[in-house]
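Reviewing the structure listed below.
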Amino acid sequence: MKNSRLNPVIHAPNRLHICAILSTAGEMEFKWLRERLEVSDSVLSKHIKSLEEAGYVAVAKRRDFGHRRTWIRLNAAGRDAYTEHVKELKRMVG
Amino acid sequence: MYQECNKIYRATFHIGKYVLCYFPIWKVTGDSLIMIDENRSMTAEAQSALESLNKIGNETISSLRPPLWLILMISLLCGIFTFSFAVSEHENSWALGMWLSGISVPLLVLFAKYSERLLGVRGPFLPTSGSGKVFLALQAVFFAVVMFVGREATVSGRPETRLEGAFPIADLPLAPYIAAVIVGLSVAYLTYKYPTNEWVRQDASK
């Protein structure tokens with residue numbers, strides 16, 4: 001999409017969906033997110049890595065109830081970027 | 001053949017390597033058509049992205065919704081709390097009902113949060129977005145007003161405390177029941193439709 005201020009990191013469909021889910025629900029476990037998106041572990045890891053490198057999500061590994069779980073959440077920068085991205089999409093639709 | 005020269009399309013005529021003449025042609029018409037097509041494609045793409053966001057938002061909300069029995073319990077207890085708050089006095093048993101329901105509601109909310117965490121979701125207690133905070137504040141004001149009006153109408157409607165020339169609602173004997181039903185139904189609706197407390201536009205079909 002030329003001549004638009006869409007965020008190229010967020011605009012990829014899977015990453016956009018990750019941001020949408022995280023903005024609605026707070027912190028999510030990797031497994032839950034994978035089941036929601038219906039993608040493989042490796043695909044989700046790749047997208048999470050891209051978002052993490054852009055500084056939009058925070059990934060934490062914690063032991064909960066005896067299991068090691070990976071939690072992902074959208075941080076303030078990610079939330080702002082996602083909000084701006086959605087605003088731009090709405091502006092384009094008019 | 002067509003060449004782009006200083007962002008102006010020109011038609012040129014060649015004989016061998018020599019350019020005989022050139023002049024701008026069809027630039028406006030051609031560019032406009034391309035621009036219109038691009039804009040249409042961008043708008044369609046943006047529309048499709050927004051629809052998919054709306055769909056995934058609705059699906060996420062559905063998956064985060066507490067079980068129906070829990071919603072019914074919480075809303076029933078909120079209704080009991082409102083009723084008890086309206087009719088309680090220093091020494092009547094409704095004060096106990098107010099305390100019991102007032103303690104039970106937070107415990108049930110904690111239970112809902114705990115089960116969410118087991119499933120792999122840790123929702124914040126307070127909404128993180130600005131619209132969510134405004135939405136929650138409006139809910140708080142709404143419930144406070146309903147409870148206050150229910151209580152005031154009940155108290156000032158009693159013969160021993162009724163003021164002369166009091167507001168007509170003060171004579172409404174069903175005030176605590178009405179307030180309890182309003183609060184109970186509102187809590188059930190809001191918990192069902194907005195389990196994350198975030199203001200999310202939802203499809204009418206959902």
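The values are calculated or read from the model by the stated rules, or taken from the named source; none is laboratory data. Computed from a prediction, not measured in an experiment: that's the story for all the values here. Here the Cβ positions follow ideal geometry from the backbone for every residue, glycine too, while neighbour counts run over all protein chains shown.
Could you check, for the stretch A:36-47, whether at least one of its residues is part of a helix (DSSP H, G or I), within 11 Å of chain B (Cβ to nearest Cβ), among the charged types (D, E, K, R) and surrounded by fewer than 19 Cβ atoms within 10 Å (Cβ to Cβ)? The answer is no, given that none of the residues of the stretch A:36-47 is part of a helix (DSSP H, G or I), within 11 Å of chain B (Cβ to nearest Cβ), among the charged types (D, E, K, R) and surrounded by fewer than 19 Cβ atoms within 10 Å (Cβ to Cβ).
For A:Glu84, the stated conditions hold: it is in contact (Cβ under 8 Å) with a residue 24 or more places away in the chain, away from chain B (no Cβ under 12 Å), surrounded by 13 or more Cβ atoms within 10 Å (Cβ to Cβ) and farther than 22 Å from B:Leu119 by Cβ. Of all residues in the stretch A:49-68, those satisfying the criterion of being part of a helix (DSSP H, G or I) and touching a helix residue (DSSP H, G or I) at 6+ places or on another chain (Cβ under 7 Å) are A:Ser50, A:Leu51. State whether the residues of the stretch B:108-122 include one that is in contact (Cβ under 8 Å) with a residue 12 or more places away in the chain and not in a helix (DSSP H, G or I). Yes, that holds for at least one residue.
Just to be sure before I move on: is A:Tyr56 at the interface with chain B (Cβ under 10 Å from one of its Cβ atoms) and closer than 22 Å to B:Asn54 by Cβ in the structure I sent?
No; evaluated as a whole, the condition is false for this residue.
Residue by residue through the stretch B:74-121, note down the ones that are within 30 Å of A:Leu33 (Cβ to Cβ), surrounded by 13 or more Cβ atoms within 10 Å (Cβ to Cβ), more than 14 Å from chain A (Cβ to nearest Cβ) and more than 22 Å from the chain's Cα centre (by Cα). Hit for the stretch B:74-121 is B:Phe111, nothing else. Looking across the stretch B:82-107, not a single residue is of a type in the set (D, E, K, R) and either assigned to a helix (DSSP H, G or I) or not assigned by TED's automatic domain parsing to the domain that holds B:Leu174 (or both).
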